[in-house]
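Remarks on the structure that follows.
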Amino acid sequence: MTPGDCHSPATYRVCSNCGEVLNPATNRSRCRACFNEAARARYHKDQQWPGHLRRRYGMTVEDYDALLSAQNNCCAVCGTDDPGKNRFHVDHDHACCPAGGSCGKCVRGLLCGNCNRGIGYLKDDAAIVAKALEYLTAPSRRQSAHTPHFTTADSHEGNDDGPR
């Protein structure tokens, strides 16, 4: 066999997930990286999650499912039924318990990834959330400083100065 022979279609296979050329000496259908990623995902989803819920939040999978059902299988803040990357996040009052855990009594609800991160970025502080709401509902500073050329979509009818 010459060095060029190992890349002939009859002697090499590619990863079924990413398409990387596999080592011909192995009998795998996926490359090492894809195999490891799938194994981690299976382990985390199937085996570690119930223990994580119990240790971190003092709840069982049944408690989680009951809470999600009570929220109509939606995020407690925005109402989306899409949790984001994996599952809905367990939100709890960080002031109640030490960092990294919860007593289980301070669980507030289940949030989608975006709402969970948003509340986290706002430091779980209702005053900051209220200021953010005030900021979002206030008129634009730029609009109040400058009079807009067109105030509605219909006000530029008949004006052929550009695209609509």
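Observations, loosely collected:
- Relative contact order (percent, whole number), the range 25-139, Cα cutoff 8 Å, 6+ residue spacing: 21 percent
- Our coupling estimate for the range 14-31, obtained by passing each phi through the Karplus curve with A = 6.51, B = -1.76, C = 1.60 and θ = phi - 60°, is 10, 4, 5, 9, 10, x, 5, 5, 8, 5, x, 6, 8, 10, 9, 9, 10, 5 Hz, Gly and Pro reported as x.
- Note on Val21 and Ala95: their simple-model spin labels are 6.1 nm apart, each label 7 Å out from Cα toward Cβ.
- Summarising the label geometry, the points placed 7 Å from Cα in the beta-carbon direction at Tyr121 and Asp63 lie 3.0 nm from one another.
We did not get these values from a lab; they are worked out from the coordinates using the rules stated. Note that the structure is predicted; figures quoted are calculated from it, not measured. Glycine also receives a Cβ, built like all others from the backbone with ideal geometry; neighbour counts cover every protein chain displayed.
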